[in-house]
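Note sheet for the following structure.
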Amino acid sequence: MQAAVAGASGYTGGELLRLLLAHPDLEVGPVAAGSGAGRPVPELHPHLPQLEGRDFAETTPRVLAEADVVFLALPHGQSASLAAALPDDLPVVDLGADHRLADRSDWERYYDTPYAGEWPYGLPELFRSSLKGAPRVAGPGCNATAMTLALGPLLAEQLVEPVDLVTTTVSGTSGAGRAPTAALLASEVMGSLSAYKVAAHRHTPEVRQSLRRLAAADVTLSYTPLLAPMPRGILATCTARTSASEDQLRAALLRAYDCEPFVHVLPAGRWPTTAATVGSNACQLQVAVDSDAGRAVVVAALDNLGKGAAGQALQCANLALGLPETAGLSASGVAP
């Protein structure tokens, strides 16, 4: 089966191509880009010499429809119109935000393009049943993936309170995409840690929506994202009020993830690091209780281009196509 990638010139698109090249059941089909159309693929992705001789195609429905599955790795707001022009029976995984939100008002508050409706949410560990055989899947945001995996099982088992959730994520620069901006110049980022989109990050309604479904109750969330001088990775620190013990919280996470190939609850005392997840589709978790504050603290680490984007999209595509869920994916990071 052939897989088409739209937005293939970007960081996430390049990661999708890398994963597809090692997939046992999928092969790289149409490789489309916007401004990169006509350029050789290895010119922008020199780590993919297997694609020597391939040029980026224009991003059109006709080009993408030649494949058996389509990945849309496009900027937010650009997927909806393209997806609507593709055949209804062609499986599509949208890595952008266009189809994540159920509430039109949430979309209109955080985005400036028309609302396109909701697709099944592509976080397999918590919403797998809606993804098997699904013709359309909305891939989660990278920060949202880390926060939801961290807090979801504890809310589902009512071990933490759904109000006063507080989260902070530290993200690598590749999460902002490949488009050049002054704020992402090396001289601006190196040696500096900065906050961005404080109290206004677009992943906030997405996280609230997922946690609300898992908790079967309304949730309140305060979220602060930070930019770190590293190319890839996310470290999320998530806290919630609790009267449960650390053993109870750990047991809930283990019940949720002990049989999951990509989410790992670490042994007590060992904390997640972003470096341990680079190049993988893994998420590492650890939990503790701050007894003085009466709060659970869950830390999650993942690769924003892996489990946070391309890897998770491929995991969802495997489910949608009836392939082994782990095909073409690794739970092991790259070290050092």
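Does anyone have the angle between helix 246-257 and the longest principal axis of the chain? Alpha-carbon axes, 0 to 90°, nearest 10?
Tilt of helix 246-257: around 30 degrees.
Of the DSSP beta bridges with both residues in segment 240-336, give the percent that are antiparallel, rounding to the nearest 5.
Counting DSSP beta bridges with both partners in segment 240-336, the antiparallel share is about 75 percent.
If you plug each phi of segment 328-335 into the Karplus form 6.51 cos²θ - 1.76 cosθ + 1.60 with θ = phi - 60°, what whole-Hz ³J(HN,Hα) values come out, in order, with x for Gly and Pro?
So the Karplus estimates, Gly and Pro as x, are x, 10, 10, 8, 9, x, 10, 9 Hz.
Compute the distance in nm between two label points, each set 7 Å from the Cα along the Cα-to-Cβ direction, one at Thr220 and one at Gln248.
2.2
Report the one residue of Gln50, Leu17, Trp271 whose Cα lies farthest in the direction of the positive end of the charge dipole of the chain (charges on C-beta: Lys and Arg +1, Asp and Glu -1; origin at the Cα centre).
Result: Trp271.
Across segment 298-315, in residue order, what do the Karplus-derived ³J(HN,Hα) couplings come to in whole Hz, using 6.51 cos²θ - 1.76 cosθ + 1.60 with θ = phi - 60° and x for Gly and Pro?
10, 10, 10, 10, 7, 8, 5, 8, x, 4, x, 7, 5, x, 5, 4, 5, 4
Tell me the angle of helix 142-156 to the major Cα principal axis of the chain, expressed in degrees between 0 and 90 and rounded to the nearest ten.
40
Charges on Cβ only, +1 for Lys and Arg, -1 for Asp and Glu, centred on the Cα centroid of the chain; of Ser171, Ser130, Ser243, which one is farthest towards the dipole's positive end?
Ser243
So for each of 185-193, 247-255 I average, over its residues, the number of other beta carbons within 10 Å; can you give me the resulting order with the highest mean first?
Packing order, densest peptide first, comes out as 247-255, 185-193.
Laboratory data are not the source of any read-out in this text; all were calculated from the coordinates shown. Computed from a predicted model, the values in this text were never measured in an experiment. With ideal geometry, Cβ positions are generated from the backbone for all residues, glycine too; neighbour counts draw on all protein chains shown.
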